[in-house]
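Q: First the structure, then my questions, so here it is.
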């Protein structure tokens with residue numbers, strides 16, 4: 001390739017939109033049926049957990065927090081996948097995904113550690129910390145050139 005062709009390719013790449021368009025054969029289509037069924041199942045189970053909590057405010061808060069966190073996490077992941085690689089928005093979405101997973105990890109670790117003996121509580125929190133730090137390392141410190 002000569003330098004003129006490379007320049008044209010570079011200019012074409014710079015003109016890409018921040019968000020990838022939907023595939024040609026899928027104009028205006030939404031989530032798949034499996035996604036809708038999964039979210040319906042999640043909503044039903046969350047509703048049943050709130051119903052069976054017998055008015056326990058901490059249990060209801062945990063279920064509502066986890067439900068909203070999961071919805072936001074899946075929404076941010078979908079946006080992240082559709083965002084162009086060179087977009088600055090992708091870094092912001094990556095941070096949002098990491099924060100949402102960190103909050104979910106902390107919430108579940110808190111609930112699990114509450115019913116465990118003290119030595120196991122230390123292990124639960126150590127595993128949660130390792131997961132959060134490992135996610136931070138993989139998302140932000142490890143180069144983008146290494147893909148799993």
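The values are calculated or read from the model by the stated rules, or taken from the named source; none is laboratory data. None of the values given here were measured: they were computed from a predicted structure. Note that each Cβ is placed from the backbone with ideal geometry, even for glycine, and that neighbours are counted across all protein chains shown.
Q: For region 92-111, state whether one or more residues are in contact with a strand residue (DSSP E or B) (Cβ under 7 Å, 6 or more places away or on another chain) and either surrounded by fewer than 16 Cβ atoms within 10 Å (Cβ to Cβ) or under 19 Å from residue 71 (Cα atoms) (or both).
A: yes
Q: Within the bounds of region 132-140, is there any residue that is more than 27 Å from residue 42 (Cβ to Cβ), out of contact with any helix residue (DSSP H, G or I) (no Cβ under 8 Å at 6 or more places or on another chain) and surrounded by 15 or more Cβ atoms within 10 Å (Cβ to Cβ)?
A: Checking region 132-140: not a single residue is more than 27 Å from residue 42 (Cβ to Cβ), out of contact with any helix residue (DSSP H, G or I) (no Cβ under 8 Å at 6 or more places or on another chain) and surrounded by 15 or more Cβ atoms within 10 Å (Cβ to Cβ).
Condition check ((1) at pLDDT 95 or above; (2) in a helix (DSSP H, G or I)) across all residues:
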{"site": "63", "(1), (2)": "yes, yes"}
{"site": "67", "(1), (2)": "yes, yes"}
{"site": "86", "(1), (2)": "no, no"}
{"site": "110", "(1), (2)": "yes, yes"}
{"site": "113", "(1), (2)": "yes, yes"}
{"site": "116", "(1), (2)": "yes, no"}
{"site": "122", "(1), (2)": "yes, yes"}
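Q: For region 47-70, how many residues are closer than 19 Å to residue 109 by Cβ, surrounded by 15 or more Cβ atoms within 10 Å (Cβ to Cβ) and either in contact with a helix residue (DSSP H, G or I) (Cβ under 7 Å, 6 or more places away or on another chain) or in contact (Cβ under 8 Å) with a residue 12 or more places away in the chain (or both)?
A: Adding up the residues that qualify gives 7.
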